[in-house]
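A.B. asks: Here it is, the structure in full.
Every number here is computed from the coordinates shown, using simple stated rules; none is lab data. Keep in mind that what you see is a predicted model, and the values were worked out from it rather than measured. Cβ coordinates were reconstructed from backbone atoms using ideal geometry, including for glycine residues, and neighbour counts include every protein chain displayed.
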Amino acid sequence: MWTDTWLALRPWLAASAACLAITLMPASASAQDFGDHSSATLTKKAWEALAAGNGDDVLAYTGKCRELYAAEAKKQQASLTDFAAADKAHDAWALNDVGTCLFIEGQLREKQDKPKEAIAAYRQLTDELKFCQCWDTKGWFWKPAEAAAGRLKELEFDAKLE
């Protein structure tokens, strides 16, 4: 009797075990590993994903950064009339990180040969978050919107030629 029950339940148990294993399997970093969810962490992870050539991760990290911090970034942008001085630039943390994430998205879209999407990311950066700054590990701030403006000129010129 137990043997018959065991044989009858065996396919069900195997399927259940497989489903449980899939459910408990750790998710890939792409959509799950947001670290402490800070804008700085998300931006750092987006840069790393871009360097590694992992577009899904780039979009996951930049998307989460925008989702969590875009409203604050726009408030910080609205409070500025020019770029913050180097000693005050970190005060605009959301602006800097969300703007940098838009630049990273533009870079990704260029690598993916998706110029329209690159233009959209760069355009949003130059139109909405133009005073963002990004800390370079070499010890200075650079301006992603200025870099994006240069990319926009090139991409829009190329689009006219097509």
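A.B. asks: Just to verify a result, which residue in segment 72-96, among those that are closer than 10 Å to residue 133 by Cβ and in contact with a Lys or Arg (Cβ under 9 Å, 6 or more places away or on another chain), is surrounded by the fewest Cβ atoms within 10 Å (Cβ to Cβ)?
C.D. replies: Residue satisfying both the conditions and the ranking: 83.
A.B. asks: Got a sec? Which of 41, 81, 100 is in a loop (DSSP other than H, G, I, E, B) and of a type in the set (Val, Ile, Thr)?
C.D. replies: From the options 41, 81, 100, the qualifying one is 81.
A.B. asks: Taking segment 48-67 as the region of interest, how many residues are surrounded by 17 or more Cβ atoms within 10 Å (Cβ to Cβ) and either not β-branched (Val, Ile, Thr) or not in a helix (DSSP H, G or I) (or both)?
C.D. replies: Summing the residues that are surrounded by 17 or more Cβ atoms within 10 Å (Cβ to Cβ) and either not β-branched (Val, Ile, Thr) or not in a helix (DSSP H, G or I) (or both) in segment 48-67 gives 11.
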